[in-house]
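Below you'll find the structure, written out as C-alpha cells, and then a few comments.
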Amino acid sequence: MAGTVDPSVYKDAIVVLATAGVIVPFAKRFKVNSVVAFMACGALLGPFGLGGLASSIPLLSSITVAKAEALAGPAELGVAFLLFVIGLELSFERLMTMRRLVFGLGLGQVALSGGVIGGVAYWLGQPAAAALIIGFGLALSSTAMVVELLSAKRRMTSSAGRASFAILLCQDIAVIPLLFLVSVLGAQAGGGSLLAGLAQALVQAFGAIAAIVVIGRLALRPLFRLVASTDSSESFMAATLLIALGTGLIAAAAGLSMGLGAFIAGLLLAETEYRRAIEVTIEPFKSLLIGVFFLTVGMGVNPADLAARPFAILGIAIGLFAVKSLLVFGLARRFRLSRATALETAIMIGPGGEFAFVLFGGAVSAKLLSQNAESLVLAAVSLTMVVLPLLARLARAWSQRLAVPATLPDEAKVLPPDDHSARAIVVGCGRVGRLVGAMLDEHGKPYIAIDFDPALVATQRRAGRPVFYGDAANLDFLRLSGLDEATALIVTIDNPRAVDATVLAARTLRPDLVIVARARDASHARHLYQIGVNDAVPETIEASLQLSEAALVGLGVPMGLVIASIHERRDQFRTELKPADAPAQALPRDVRSRRL
C-alpha cells in the first residue's frame with residue numbers, strides 16, 4: 001500500500017513552478033519583464049504579502065510561502081548557476097577583444113561608483129566595512145535584466161549594447177573578489193585580527209581554487225569526452241550539473257561561496273570544445289533557479305517598511321541612479337563614445353542589480369551590516385530594478401534625439417535613376433537581398449536595390465551593384481525609386497515592423513503591384529497577406545521544406561517525386577495562410593498604364 005503523501009512538503013515547489021510556468025508567461029504577454037514578474041510574485045506570495053495572512057486564512061497557506069528561508073537553497077543554486085554560465089562566457093578571446101571597454105570603462109565604473117557611494121554611506125554614519133560593502137554592492141547593475149532588455153530589442157551589437165555588456169562583464173568578474181572580501185571581513189569581525197583572518201582566508205581560498213583548477217584541468221575534458229561518446233543527453237546533463245554543484249560545494253567547504261567555485265568551473269570548461277553544448281544544457285536550469293532567486297528577492301520586500309520610510313527609500317533610489325548614471329556618462333565620454341551611446345549606457349547601468357542582494361545577505365550573516373540598513377538599501381535597489389524596463393525605453397528615445405546623423409559616403413548620396421524604366425525593386429541588400437539580385441541578373445530581369453545602411457550601400461555600389469540608400473517605407477522615396485513603373489517589389493529585410501511599413505506604403509501607391517515579402521514565421525506571413533502582399537515566404541516553413549527535401553533525397557526517394565511533393569506542400573501552406581480576399585499573383589502587362 002502506498003504511503004500517505006503530505007502535500008505541504010511540495011507546496012513551495014508548486015508555488016515556484018506555478019510562478020515560472022503560468023504567471024511569468026502570462027506577464028510576458030503584457031510586456032512585463034520576467035525578472036520584475038518574479039519579484040512581484042515574491043512580494044505578493046511571500047511572508048510580507050499573502051503569506052502573512054495564512055495564519056488567519058488557512059486556505060492561503062497552500063498557495064503562499066510563509067518563510068522565504070525555505071527557498072534559500074534553490075536561490076543560492078540559482079546564483080551559482082548564473083556565475084557558472086558567466087564563467088563559460090568569459091573566454092580569453094572575448095576579453096581581449098573588449099579589453100579596452102571591460103578593463104577601462106568597466107573597471108572605472110566599478111571603482112568610481114563603489115568609492116563615491118561608499119564614501120556617502122560612511123558620511124551617513126555606516127561603519128567602514130559596511131560602507132565599503134554598500135558602495136561596491138550598489139555599484140553593480142542587473143546583468144540578467146539589462147541583457148534581456150537589450151536582446152529583446154536586438155541591441156546587443158549596437159554601440160550602447162557593447163558598452164553596457166562590457167561594463168556588466170567587468171562587474172560580473174568583480175563579484176568574485178567582492179564575495180571573497182565579505183568572507184575576509186566577516187572573519188575579522190568575529191574577533192581575530194585582520195591580517196590573520198586575511199592570511200587564513202587566502203590559504204583556504206588558494207587551496208580550494210588550486211584543487212578545483214588542477215582536478216578540473218586533468219579530469220574535465222576526459223570526463224566530458226567519455227560522456228559525449230555515450231550519445232546520451234541525460235548523461236551529459238547529469239555531468240554538467242555535477243561539475244557546477246560539485247565545484248560550488250568544494251568552495252563552500254573551504255569557507256568561500258558556492259558561486260566562486262561554480263565560476264571557476266565555468267572558466268575551465270570555457271577552454272574546452274564542449275562549452276556551447278554545456279551552455280545549451282544548463283540554460284533551462286539556470287533560468288528557473290535564477291527565477292527562484294528573484295522570487296526570494298521579492299519575498300524580502302516588506303510593504304510596511306516601504307510605507308514607514310518611503311522618502312528615505314525613494315531618496316536612496318534616486319541618488320543611486322543619479323550617481324551611477326552621471327559617472328558612467330562621464331566615463332563613456334572620456335572613452336570617446338558618442339553622447340547618444342553614453343546616455344543610453346548610463347541609463348541602463350544606473351539602477352542596482354541582483355548581486356547587491358547576494359553581497360548584502362552575506363554581509364548581514366557575517367554581522368558586517370545591520371538588518372535595518374540592509375532592508376532600507378535593498379528596498380531602494382528593488383525599486384530601481386522594477387523601473388528599469390521603463391528606463392530602457394526612455395534611454396532609447398532620448399539617445400535617438402541626441403544621435404548626430406552620420407555623414408553619408410559619396411556612394412550613398414547617389415539617387416535612384418529617373419528614367420521611368422520598368423524594373424523590379426529589391427528592398428534590403430543583405431545576404432538574402434543579394435541572392436535575389438543575383439537570380440534576377442541571371443534571368444535578365446532589371447532591378448534596383450534599396451537599403452538603409454549607408455556603409456552596406458557604399459560597399460555594394462563599389463562592387464558594381466545597383467544599390468541606393470533610402471527608406472523604403474517613405475512614400476516620397478518609393479516614388480523617386482520608380483515604384484510607379486516597377487514590375488515587382490521584393491522585400492527581403494528581416495525586421496517584421498519594417499517589412500510591414502514597406503508593404504503598406506507600397507500598396508498605398510500601387511494597389512496592383514506584385515509584392516513578395518520575407519516573413520519571420522507563419523503568423524507574420526498570415527499578417528502580410530492581410531495587408532496586401534501577393535506572396536509571403538516564411539523563413540521557418542521554407543527551412544523545414546528544404547530540410548525535408550534534402551532528407552528525402554538522401555533516403556533514396558526519386559528527385560522528381562520529392563520536388564513535386566515539396567511544391568505541393570508549399571502550395572498547401574500558402575493556401576492555409578492566405579485569406580480568400582488576398583491579391584492574386586499578377587500577370588505581366590503594360591506597367592505604364594498602371595501609373596497613379
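Taken together, the values in this text are just the output of simple stated rules run on the coordinates, not laboratory data. Since the structure is predicted, the reported quantities are computational estimates derived from the model, not experimental observations. Every residue, glycine as well, gets a Cβ built from its backbone with ideal geometry; the counts of neighbours run over all protein chains shown.
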Using modelled amide H (1.01 Å from N, peptide plane; none on Pro or chain starts), what sits under 5 Å from the amide H of residue 515, excluding residues fewer than 5 places away? 489, 534, 535
The answer for residue 450, listing residues at least 5 apart or on another chain whose modeled amide H is closer than 5 Å to its amide H, is 426, 427, 428, 468
Taking the 0 to 90 degree range and rounding to the nearest ten, how far is the long axis of helix 431-442 tilted relative to the main principal axis of the chain, both from C-alpha atoms? 20
Quick check: from the Cα gyration tensor, does region 433-479 come out rounded (a/c under 1.5), prolate or oblate? oblate
Please give the charge dipole size of region 414-594, origin at the Cα centre, charges +1 on K and R Cβ atoms and -1 on D and E Cβ atoms. Round to the nearest 20 debye. 120
Spatially close lysines, pair count over region 11-400: Cα under 19 Å, gap of eight or more or interchain: 4
Return the distance in nm (one decimal) between the two label points of a simple spin-label model at residue 275 and residue 509, each offset 7 Å from Cα along Cα→Cβ. 4.7
With +1 at each Lys and Arg Cβ and -1 at each Asp and Glu Cβ, the charge dipole magnitude of region 11-400 around its Cα centre, to the nearest 20 debye, comes out at 1240
Debye calculation, C-alpha points only, no solvent: report log10 I(q)/I(0) for the chain at q = 0.05, 0.09 Å⁻¹, in the same order as the q values. -0.30, -0.89
Neighbour-count ranking [beta-carbon atoms within 10 angstrom, fewest first] of 318, 117, 134: 318, 117, 134
What is the packing order of peptides 429-442, 489-502, taking the mean over residues of other C-beta atoms within 10 Å and listing the highest first? 489-502, 429-442
Computed helical MRE - 222 nm, the chain, DSSP H runs ≥ 4 contributing -39500 (n - 2.57), nearest 500: -21000 deg cm²/dmol
Report the net charge of residues surrounding residue 489, where surrounding means a beta-carbon distance below 10 angstrom and charges are Lys +1, Arg +1, Asp -1, Glu -1. +2
